[in-house]
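Below is one structure, written out as structure tokens, with a few remarks after it.
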Amino acid sequence: TKAIIVAGGGPYEGNSLWDATQMNANFAYRTLAYQGFHKDDIYYISSNLELDLDSNGVADDVDGNATISDLQYAITNWSVGADNLIIYAVDHGGQETFRLNGKQTLSTFQLDSWLDSAQQSISGSVTVIYDACESGSFLAGLLPPSGKKRIVLTSTSPGESAYFVTQGSISFSNYFWGHIF
């Protein structure tokens with residue numbers, strides 16, 4: 001099993017969620033590591049490329065920047081041949097969109113297309129965990145290809161806001177990853 005973690009948004013001016021986003025994405029990384037995922041089986045995407053989450057003294061835990069091209073690479077190339085794939089994304093969302101950085105958003109259509117491509121070489125299932133406002137708007141658009149299994153978990157229904165209180169310590173993500181941990 002491989003996992004892709006996406007700390008979207010980044011530290012652009014006006015992004016009041018960045019601290020909560022980063023905290024929750026880092027917690028997801030540590031939780032997966034605690035559950036037995038090896039560093040090589042986690043592809044971490046973030047605007048903060050200087051993270052040392054495994055405490056090895058080297059900032060080598062972020063694999064790509066929070067961009068459309070880096071996420072597409074992770075899903076369509078890096079994940080090839082995995083038995084199962086988990087994708088966790090957190091930050092700002094909108095109607096069928098996810099904010100990757102201050103200038104780029106990901107659409108449901110793009111993500112579904114990349115997942116469909118990846119699932120041609122993934123023998124098991126793909127699980128998408130998405131925490132953002134209106135994350136539920138992705139549900140209808142992320143249907144798997146025929147004969148494949150895809151699980152989509154969202155923090156809200158379509159049209160609803162997500163909440164990150166106390167810098168994200170009270171949020172869907174924190175409760176979800178706390179339970180998995």
>> Can you tell me the convex hull volume per residue for region 98-166, based on C-alpha atoms, in Å³ to the nearest whole number?
In response: 103
> Once the whole set of protein chains is in place, how much accessible area is left on residue 175, using a 1.4 Å probe, in Å² to the nearest 10?
Replying inline: 140
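Let's see if you can work this out: charge +1 on each Lys and Arg Cβ, -1 on each Asp and Glu Cβ, no other charges. What is the dipole magnitude of the chain about its Cα centre, in debye to the nearest 20? Could the numbers behind the result be given before it?
Values: 8 positive and 19 negative charges, 95 e Å.
Here the size comes out at about 460 debye.
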> At what distance in angstrom do the alpha carbon centres of region 87-156 and region 157-171 lie from each other?
Replying inline: 18
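Using Cα-Cα distances under 8 Å and only pairs 6 or more residues apart, what relative contact order does region 34-181 have, in percent?
Working: 256 pairs, mean separation 27.0, N = 148.
Once normalised by length, the contact order is 18 percent.
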>> Can you sort 51, 153, 143 by solvent-accessible area, 1.4 Å probe, largest first?
In response: 143, 153, 51
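As a check on your grasp of the helix formula, calculate [θ] at 222 nm for the chain: sum -39500 (n - 2.57) over DSSP H runs of n ≥ 4, divide by the residue count, round to the nearest 500. Mind dumping the intermediate values first?
Numbers: 4 runs with 43 residues, N = 181.
Calculated mean residue ellipticity at 222 nm is -7000 deg cm²/dmol.
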> Taking the Cα-to-Cβ direction at residue 166 and at residue 181 and moving 7 Å from each Cα, how far apart do the two end points lie in nm?
Replying inline: 1.3
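What does the accessible area per residue of the chain come to in Å², with a 1.4 Å probe and no ligands, DNA or RNA counted?
Working: 8180 Å² over 181 residues.
Computed with neighbouring chains in place, this is 45 Å² per residue.
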>> Which one, 140, 157, 177, projects farthest toward the positive side of the charge dipole computed for the chain from Cβ point charges (K/R +1, D/E -1)?
In response: 140
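Leaving out ligands, DNA and RNA, what percent of the accessible area of region 37-150 is carbon and sulfur, probe 1.4 Å?
48
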> To the nearest 10 square angstrom, what accessible area does residue 52 show with a 1.4 Å probe?
Replying inline: 50
>> I need the Debye-formula profile for region 26-88: one equal scatterer per C-alpha, no solvent, reported as log10 I(q)/I(0) at q = 0.17, 0.22 1/Å, two decimals.
In response: -0.59, -0.98
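Within 12 Å, Cβ to Cβ, of residue 93, how many net charges do the neighbouring residues add up to if Lys/Arg are +1 and Asp/Glu are -1? Each step should come with its number before you reach the end.
Details: positive: 99; negative: 91, 96, 131, 134, 160.
Within the 12 Å Cβ shell, the charges total -4.
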> So what is the relative contact order of region 29-85, in percent, for Cα pairs below 8 Å that sit 6 or more residues apart?
Replying inline: 26
> Could you state the principal axis extents of the C-alpha atoms in the chain, from the largest down, to the nearest angstrom?
Replying inline: 42, 40, 31
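Of 73, 130, which has the most accessible area with a 1.4 Å probe, and how do the rest follow in descending order?
On the way: 73 105, 130 10 Å².
These residues rank, largest area first, as 73, 130.
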> To the nearest 10 square angstrom, how much accessible area does residue 146 have with a 1.4 angstrom probe?
Replying inline: 120
> Using the Karplus equation 6.51 cos²θ - 1.76 cosθ + 1.60 (θ = phi - 60°), what ³J(HN,Hα) coupling, rounded to whole Hz, does each residue of region 45-61 give in order, writing x for Gly and Pro?
Replying inline: 10, 7, 6, 8, 8, 9, 8, 10, 7, 9, 6, 8, x, 10, 7, 10, 9
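For region 98-181, give the magnitude of the charge dipole about the Cα centre (Cβ charges: +1 Lys/Arg, -1 Asp/Glu; no others), in debye to the nearest 20. All intermediate terms of the calculation are to be shown ahead of the outcome.
Working: 5 positive and 5 negative charges, 37 e Å.
With only Lys, Arg, Asp and Glu charged at Cβ, the dipole is about 180 debye.
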> What is the spin-label model distance, in nm, from residue 104 to residue 80 if the labels are put 7 Å beyond Cα along the C-beta direction?
Replying inline: 2.0
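The values are calculated or read from the model by the stated rules, or taken from the named source; none is laboratory data. Note that the structure is predicted; figures quoted are calculated from it, not measured. Using ideal geometry, Cβ is built from the backbone for each residue, glycine included, and neighbour counts are taken over all protein chains shown. SASA here: full protein model, heavy atoms, side chains in, ligands and nucleic acids out. Shrake-Rupley method; radii C 1.70, N 1.55, O 1.52, S 1.80 Å.
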